[in-house]
Structure formats: structure tokens, C-alpha cells
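Read the figures in this text as sums done on the coordinates, not as results from a lab. Just so we're clear, the structure is a prediction, and the values are computed from it rather than from any experiment. A quick note on method: Cβ atoms are made from the backbone with ideal geometry, for glycine too, and the neighbour counts reach across all protein chains shown.
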Ligand code: UD1
């Protein structure tokens, strides 16, 4: 398993470009299964999760090749209905084939993903959405089995105990685009990735209104066709680079961003003392002051994203005072806390929040990555720490950040990958 070695303390300076959004690429690749045609999808991030989704599509019988940042997909011909455990256990988002398969074939068998490092992660809302369209769904031998002669439009309330669900909104939307009549999704997730998937489906011929609000209306169409589509920039990668610039007292221009998508992150980074300016598709982050403490509570878009909680926690370990970071969306998402303590941070976890007492410096240590964003948090801490940080199990980082060591090196970081 590869490791990162980081010599901390270098300021990040220069320009860096953000890649396409992993979390909209995954469902958009799955959505190509909805119809029999050819697709060209641009601005694909070359990260491990995308290659896992490529394997899922290939297993189902589609053909897909990825050249540089463009995917060429052909979904003509027969496709299968089963996404096996071997693939779904590697990446939960494989469940995105459920909606497209039930729509196209009237049948789907998708392994239940199980828990993961950030908690139990139920999928009851995905099942509720697709069931409401008239599918017969059961969970047998660890698989979700769904059948439907016809899918019928319906009024669906998708609010869960922890608020709206990005995944369930997208899966239900994909399942309903060819259903008979009109589907209304109430309490829909409003994340930019939901809008990106809707825009892709509209380009294929779907009739969808209201994506980006909490009420999405989908009028079923008889057929969809292939198209060319460009994925939006990854807002979490943009946010991660923003925090990396701030913690190293850097001066970085981040290009290929959609500033409106990262407003909550930018506001918080300004609050802790950074100067941030922005243009149409870039932001510039400059940090000259000490890091000020702040409090954060994650919430659905447009609130502060749970996917940035861990990285911001790293930043606040060096703040001049006490901060509190709360995450009620994923209450177990604090695996980075004990690792940051190993680097000299003063953190205390209490149920769904962490109390952070800023320290003057972090010291490099051997730490272990546990999930995608927790690993990004350790990377950020390592960039600022005194001495050498060794991060093991970095396959978690490779799931969501393309060539991150090369891009950080270009900004002046001392970081190497040790291949094992
Ligand atoms: C997506 C993102 C993930 C991000 C999350 C929240 C992808 C591949 N992943 O995950 O990076 O952290 O959105 O922005 O896009 N829930 C239920 N029942 C369900 C589904 C979800 O109770 O059927 C709960 C979850 O446990 C969580 C909350 O709803 O507490 C939000 O989860 P959800 O928006 O579904 O996250 P994902 O789509 O899995």
C-alpha cells in the first residue's frame, strides 16, 4: 500500500486547477445506462472511484474508455441487471445503477453496500423513492432486488431523519425520468451535484424542473438519447485546496471553480483570517494573519458541507483559541481526530462534535488514513506540521483526489509517494 511522506512547513504558492466533480461524475456515468446510445462525458476526474464505476458499467455490459479527462461510453446492446458485492463493497456509490437499471430493464439486483468508516449509512430513502414509483423491492441475501413492469410517476417525500439525501434524490430522479406521468420529489437534496445530474438528463431529453430546490418535478418521457456533457468542477477539491493554502500561510490561485458552489467554505475561510478574491471561474486565497478560531456546524447545501468538516478541523488545530466543529449529518465522521492528536493537536470529541483548542504548531508523525476526507485532513495537517509526516493507506486519498502529490508539489509542497 502506498504512503505519502510530507516535509511540512512550506508555503503553498502559485496556481492550481480543480478537476471535475467526482460526486456528479459517478451518478452521471450510471445514468448512461438509462438508454441505448453513445455518450461523451468531459471533465472526468481520474480518481479511483471513477475507475471503480467504469468496472461496474463494464460488468453490466456497457463499453467505456477514459482518455485523459473524457469518457466515451456505449450502452447499446444487452446489459445485465446485477451489481455484485465485490464492486459495491469497494464503493458505495455503485448503488447509483439501481435507478437506471430498474428504469431500463424493469429489474435490478444491487448488493447492499454495508457500513463504512463514517457510520452505518442506511439506504432506506433510496428504496423508499424507487418503491414509490411502483417497483417491488426486497432485500434478499445481502442484495436489493427490484422488479417493475411499469414505473408510475408519484409524489414522493424523501426527507430522512438526518435531512435530505443526495444519493436518494439522484437515484429516484434517474428512476423516474421514463416513468409514466409526473413525479414530484419533495424534500429533495439541493446540492450542485443533483443539479449537474439533472442537467445531464435534460440534455439527454428528460423533462425535469426544480433541481437545486427542495421540490423536483419530473415529467416522464418515452425515450432518452445519448449526448455530450461537461461535468462541473469539484467543489470539495476546491475547498480542500483553499484550506491547504490557508494553513500553510500561502498565496494560491485556484482555477476551474464555480465560486457560488463554495460560498460557505469561502466565508468560513475568510472568517478565520484569509483574504479571498474571486472571478468568474477562480478564487485567490492569501493568508498572512494568524488563524482565528471559529465554530462550524455542517448542514445540507448551501450550508457548510460535511465533506469539508475534517479538513477544516485540521486548520482549526492551529487557531489562536477554541473552536467547535459539529457534524450531525455523519455523526461518526471523526476518525481523523485521534490521528491529529498524534500530531500534537489538542482535540476532544464529544458525541457529534469536537472541541479544538488551538496549539502553536503541529509536529509530523506517522498517521493512518481512514476515509477519503479524513485522509485529506491529515494531508493538510502534514503540509503545515514541523518535520516529517508519513500517511499510510493513502488509497483513500486516491479515491477522490487526482494526482494530488504532483499538484501540491507544483505549489511548493515537499511531498512524495512511497510505492509499496
Ligand atoms: C453524498 C456524497 C458524500 C457527502 C454526502 C452529504 C457521493 C458519492 N457522496 O453521500 O460525499 O458527504 O452526500 O453531502 O455523492 N440517509 C438516510 N437514508 C438514506 C440515505 C441517506 O438516512 O437512504 C442519511 C445519511 O445517513 C446521512 C444523510 O442522510 O445522515 C445524508 O446522506 P446522503 O446525502 O444520502 O449522502 P450520500 O448521498 O450517501
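Key figures for this structure:
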quantity	calculated
Computed Kirkwood radius, in angstrom, where 1/r is averaged over Cα pairs of the range 293-420	14.7
The range 44-97 - Rg (one decimal) and Dmax (whole number), Cα, Å	11.0, 29
The chain, helix-only ellipticity at 222 nm - DSSP H runs n ≥ 4, -39,500 (n - 2.57), divided by all residues, nearest 500	-8500 deg cm²/dmol
Order of 336, 261 under a 10 Å beta carbon neighbour criterion, fewest first	261, 336
Inter-site label distance for residue 42 and residue 331 at 7 Å from Cα along Cβ, in nm	4.6
R0 of 45 Å, Cβ-Cβ distance residue 72-residue 271: FRET efficiency to nearest 0.05	0.55
For peptides 218-228, 99-109, 320-330, sequence by mean Cβ density within 10 Å, most packed first	99-109, 320-330, 218-228
Burial ordering of 33, 383, fewest other beta-carbon atoms within 10 Å first	33, 383
Distance in nm between pseudo-label sites at residue 299 and residue 63 (7 Å out along the Cβ direction from Cα)	5.0
Residue order, fewest to most beta carbons within 10 Å, for 70, 298	70, 298
Cα pair count fraction exceeding 37 Å, expressed as % - the chain	23
